[in-house]
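Beneath this line is the structure, given in structure tokens, with notes to follow.
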Amino acid sequence: MTRVDPATVLARHGALAEDPHAATSPPLYQTATFGQSRADAFDAFDYTRTDNPTRAAAESLLAELEGAPRALTYASGMAAIASVLRIARPGDRVLCGRDLYGGTQRFLHRHLEGVEARHVDLARTEDGRCPALAAALADGGARLVLVETPSNPRLDVTCLRSVCRTAHAAGALVVVDGTATTPWLQRPLEHGVDVALHSATKGLSGHGDVTAGVVATRDEALFEELSARRNAEGNALAPFEAWLLLRGLRTLGVRVERAQETALEVARWLEARAGVTEVRYPGLASHPGRAVHAGQADGAGVLVSFRTDGAESARRVCEATQRFTTAVSFGGVSSSISIPHHMSHASVPPGAAPPPEPDLVRLSIGLESARDLIADLDAALGKPVRLPTRTETLSAASNC
Ligand SMILES: *Cc1c(COP(=O)(O)O)cnc(C)c1O
């Protein structure tokens, strides 16, 4: 059977199996427990810590988007990441990139006892292999390789096939944190990755009203291990949060498509703007990972990072913008701006990967008009330059 287009899946999915009333919006099963028809065996649902119909509807939609048989949702992205990283046992090693979400680094270096986390340059590849990863794997003991591509916040790109080829040859599992792209743009399992996970707090839910995490894998044994541990620990996504996530997911495609068009316009404009010393966006011709990214993802995403001529001017830009909220998180309908060095990555312990530069500003582009966002950034950056006309920005966008 031909694969149904994800746009159709998102628009039509969500009805619960065996709903006698055929509700068009998935019912919210806000219940802790379910009455059983017998006292010596369980029906399909018995207790929400284990399973819940609303959560199951969100999970089956997410699994379909990722191309996995099943998915698990968690109370937050960090709950999902912690669960997966604990596949590594004391004495094992986790190898990860040099640019990684701050909370993930904190967990790796402070809370994963007995496991050594080592940061290697995953972004550099040669002949379809990853030499820095191969060298680290040669030391033995590596259970997991953790990748963010594009990474948060520097937006470095890593070739997933090269990492998988190198890691699998040494018997290590590859885990991708795909929060920055969502499965709308990138489906890591299609490139050989073993586990795809996300903070669904970001683009997947898309409205900044829920914290959630998701894990998808085609590895049955791994799925069973994670699912049993989630039931034992009780960190699954609550029903109402699952319902909000389902509601956000319905518009995932249109949100991402629209916001990334704007992100490209903003990135191109920033590149030409005095006072901006570097722009990182995987859709720009100047991005060193552009071709690799285009080969494994369907779009460059909604995050744009840039540097100014110093920490003080970066702070001023953030505080002067009117149409960007100064806030952590990203992927919502309204745009936000942050300095990862002081915000999302402030908790990175010493000894972890080098922190983001203090003048690196990260934008999350939402659904406002490109023209309004550019005008706002222009005013915040100071020293006026001529704004591109609407015709100029539109023709610039269509070159891609
Ligand atoms: C936000 C984020 C997380 C953590 O997710 P929470 O839902 O905040 O727990 C993990 N990875 C990346 C890349 C993130 O941006």
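Brief remarks follow.
- Restricting attention to segment 40-81, the residues being more than 15 Å from the ligand (Cβ to nearest atom) and either polar (S, T, N, Q) or farther than 21 Å from SER199 by Cβ (or both) number 17.
- Across segment 250-261, a minimum of one residue is classified as surrounded by fewer than 19 Cβ atoms within 10 Å (Cβ to Cβ) and without any contact (Cβ under 8 Å) to a residue 12 or more places away in the chain.
- Qualifying positions in segment 329-354 - surrounded by 18 or more Cβ atoms within 10 Å (Cβ to Cβ), part of a loop (DSSP other than H, G, I, E, B) and of a type outside the set (Gly, Ala, Ser): PHE330, ILE339, PRO340, HIS341, MET343, HIS345, VAL348
- Screening the candidates LEU100, LEU72 for the property of being hydrophobic (A, V, I, L, M, F, W, C), within 26 Å of LEU303 (Cα to Cα), touching a residue at least 12 places away in the same chain (Cβ under 8 Å) and assigned to a loop (DSSP other than H, G, I, E, B) yields one hit, LEU100.
- Counted residues, segment 276-287 - those being touching a strand residue (DSSP E or B) at 6+ places or on another chain (Cβ under 7 Å), in a loop (DSSP other than H, G, I, E, B) and of a type outside the set (Phe, Trp, Tyr): 1
- Check on ALA123, more than 15 Å from the ligand (Cβ to nearest atom) and either closer than 28 Å to LEU246 by Cα or basic (Lys, Arg) (or both): no
- Unique residue being part of a helix (DSSP H, G or I) and either within 11 Å of the ligand (Cβ to nearest atom) or under 16 Å from the mean Cα position of the chain (by Cα) (or both) when the list is VAL84, VAL163, VAL157, VAL147: VAL84
- Whenever a residue of segment 195-215 is in contact (Cβ under 8 Å) with a residue 60 or more places away in the chain, its partners that are within 10 Å of the ligand (Cβ to nearest atom) and acidic (Asp, Glu), lying with C-beta atoms within less than 9 angstrom and at least six residues away or across chains, give the pairs ALA196/ASP177; LEU197/ASP177; HIS198/ASP177; SER199/ASP177.
- Among the residues of segment 103-127, those identified as in a helix (DSSP H, G or I) and buried (at least 22 other Cβ atoms within 10 Å of the Cβ) are THR104, GLN105, LEU108.
- Subset tally (residues that are touching a helix residue (DSSP H, G or I) at 6+ places or on another chain (Cβ under 7 Å), aliphatic (A, V, I, L, M) and outside any loop (DSSP other than H, G, I, E, B)) for segment 1-50: 3
- Count of segment 83-102 residues, restricted to those that are charged (D, E, K, R) and touching a Ser or Thr at 6+ places or on another chain (Cβ under 6 Å), is 1.
No value in this document is a laboratory result; all are computed from the given coordinates. This one's a predicted model, so the numbers in the text were calculated from it and none came from an experiment. Cβ coordinates were reconstructed from backbone atoms using ideal geometry, including for glycine residues, and neighbour counts include every protein chain displayed.
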